[in-house]
Each structure stands twice: as C-alpha cells, then as structure tokens.
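J.: Please read through the structure below; I'll follow up with questions.
All of the numbers you see were taken from the coordinates with simple rules; none came from a lab. Everything quoted here is computed from the prediction, not taken from an experiment. A quick note on method: Cβ atoms are made from the backbone with ideal geometry, for glycine too, and the neighbour counts reach across all protein chains shown.
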Amino acid sequence: MKHQALEQLQIVAKVDQDYPRQAMSRSERLERWAELLERDPDRRLSTLLQTEYQPVRARAAMRGDSSPISVAFEDPVLRAAGLENDSYGEAKRFFELTDRQLHEVICYCHFGATVNAATAARHIRAALNGRQPGMFARLREAFVG
C-alpha cells in the first residue's frame, strides 16, 4: 500500500470526506488493533528508530512500511472510525496514547529493527489496561521474542 496525503489523492480522484464515521471508544479501537496483530502473531513488523529523541513534529510524521501502525491502517474498520494514516502522530491521536505508551509498542530501542506482532499486541493491551509489562516480561521478550 502506497502512503499518500489526501491532497495527492484529490488530484486523481474525488474524495468524499462526508461519509459517516463509525463511533468506537478508545478501548474498542485498542482492542481491535491488538486483535489485528494477533491474527498473525509471528509476523515481523518494522519499528521506528529513536522515537523518544525526535523533535515533536518529526516524531509525529514518522512512519514505516509494515509497522504495527500500518497493520492498523490497513483495517477498513479503523479507517472508517477515523484513522487517517499510518504515522506515529496519527496513531497517538487516534488511539489516545501517550508518547510513552506508543514508544513501548513501536520503538527500535526495545526490539531492534523488528518486533513480532504478538509482542506489539501485548504492549497495546498493557496500554489498554493502564499498565506496562514488568522487567522480567521485557527481558523474556528481548531474548525469546
């Protein structure tokens, strides 16, 4: 899937932005994202490099092909609910996550270049439940995956 801005799409097609959005609560959106990732738990997904060190604007624009965020953006249900693209900033806004919570799901410093989908889903569920995985869980993920 090629990432394009709305302005680029409007050049080649009529884009109707007046369609009704499907209302989903934060919990429903996060649950749906975790479920999408769990459909292929061994899938290797790309991470984003050093999200915590990027200036706010640069961090918001960060994206990567085949990332946990792009899995969410591929879903027509989440797009109908208002997910507009697969950038870090849009995921933060749409899923109502803090930088720290999204950092736990997507950042290179935790997983290296890729993270398996099941691990990303566990971190999303932790954000949903308002907790973070403990030290032993993080060590197990680092060494076992």
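J.: Which of the peptides 51-59, 24-32 is most tightly packed, and how do the rest follow, going by the mean number of other Cβ atoms within 10 Å of each residue?
T.: Details: 51-59: 12.4, 24-32: 16.1.
Averaged packing, sorted descending, gives the order 24-32, 51-59.
J.: What net charge is computed for the residues neighbouring residue 96, neighbours being all others with C-beta under 9 Å from the C-beta of residue 96, Lys and Arg scored +1, Asp and Glu -1?
T.: On the way: positive: 26, 29, 92, 93; negative: none.
Around residue 96, the charge tally is +4.
J.: Would you report the distance distribution of C-alpha pairs in segment 26-144 as whole percents per 5 angstrom bin, up to the bin with the largest distance?
T.: 2, 12, 25, 27, 22, 9, 2, 0
J.: Which order, highest average first, do 83-94, 107-118 follow once you tally other Cβ atoms within 10 Å for each residue and take the mean per peptide?
T.: 83-94, 107-118
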